[in-house]
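Take a look at the structure set out below.
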């Protein structure tokens, strides 16, 4: 396991539109879920939070730091910047050892991403992220051109400059880049299947009104599937998405009645019901079913700030979804089979 000692880190965030009209404390409690309300209040009392109003931090019209201002009086406006020095307690991640490099040239470094590790710094994770681990391994920074879920393994294309990553990311979004995934799912999957259900991008931690707005404009999605193996209980399925919607494969497999093994978010029947009937009641039930998607184990309290720390449970380290093949610009990048997949015969690509 990779462990990181607690440390302080300053986050500088341009305030989002949905934050406008809300107090800083309300935004911190509801948007920065990596820390509880007591830690947010303690940070304000210790002067680790600032709301900067003006054209950037160098030309600030005013800076608000008092507890009364940040918790009650001042409402966030367009153009505000929130500065928050966080006491970071990064969760453990599996120790990947030396990350396997599939391809490397003057522009790209293509890797076989380990599961259980986020692609880039986000939320609770900074040092325990793939790009930071690669920085230490390679001796120079790399930049992700696309993303895989933290629990997903497989082909990840990174670039040696932020400009190259931005350009490649644009191409991956606007060009149809053929890609294949492997999934291990519950039950006996049909020999072949297609799901073309439109999908809603949403975060179940946000209010129903946010979900309802997104549900008015679901995004087209199409994924084809082929069963490769059945062991009498579970199936290995080859997945070919035509788009790259958020959690597209996970959602489509759940809608087909065969959720991915270890997918604690979409394994509930309430997701299927919410997809059919995006009502407040269905959303509330889905929120209830997914309120605890982690099996973290209480460990000890931080010596400096008293925050309860947790060990990451093994079932939170991965699930059975693997990015197998990407075809891009004349290249075919393919990884090894994941440990949970037996030797299977793959169709040509």
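Looking at this structure, is residue 52 assigned to a helix (DSSP H, G or I) and closer than 15 Å to residue 83 by Cα? No.
What number goes with the only condition from (1) under 24 Å from the mean Cα position of the chain (by Cα); (2) closer than 30 Å to residue 130 by Cα; (3) surrounded by 15 or more Cβ atoms within 10 Å (Cβ to Cβ) that residue 48 does not pass? Here residue 48 clears every test but (1).
Which of the following residues is in the same structural domain as residue 281 (by TED's automatic domain parsing), on the phi < 0 side of the Ramachandran plot, in contact with a helix residue (DSSP H, G or I) (Cβ under 8 Å, 6 or more places away or on another chain) and at pLDDT below 95: 203, 217?
That would be 203, the only listed residue that is in the same structural domain as residue 281 (by TED's automatic domain parsing), on the phi < 0 side of the Ramachandran plot, in contact with a helix residue (DSSP H, G or I) (Cβ under 8 Å, 6 or more places away or on another chain) and at pLDDT below 95.
Only one entry of 274, 238 meets the criterion of being assigned by TED's automatic domain parsing to the domain that holds residue 341 and either surrounded by fewer than 15 Cβ atoms within 10 Å (Cβ to Cβ) or out of contact with any helix residue (DSSP H, G or I) (no Cβ under 7 Å at 6 or more places or on another chain) (or both), and that entry is 238.
If you go through segment 250-267 and keep only what is within 17 Å of residue 324 (Cβ to Cβ) and either under 14 Å from the mean Cα position of the chain (by Cα) or assigned to a loop (DSSP other than H, G, I, E, B) (or both), you end up with 250, 261.
Do the conditions hold for residue 232, that is, is it farther than 21 Å from residue 36 by Cα and surrounded by fewer than 13 Cβ atoms within 10 Å (Cβ to Cβ)? Criteria met by residue 232. Among the residues here, residue 122 qualifies as under 27 Å from residue 87 (Cα atoms), surrounded by fewer than 21 Cβ atoms within 10 Å (Cβ to Cβ) and not assigned by TED's automatic domain parsing to the domain that holds residue 317. Within segment 1-42, the set of residues being surrounded by 15 or more Cβ atoms within 10 Å (Cβ to Cβ) and assigned to a strand (DSSP E or B) comprises 2, 23.
The values are calculated or read from the model by the stated rules, or taken from the named source; none is laboratory data. Remember, predicted model here, so these are calculated numbers, not experimental data. No Cβ is skipped: glycine too gets one built from the backbone with ideal geometry, and neighbour counts run over all protein chains shown.
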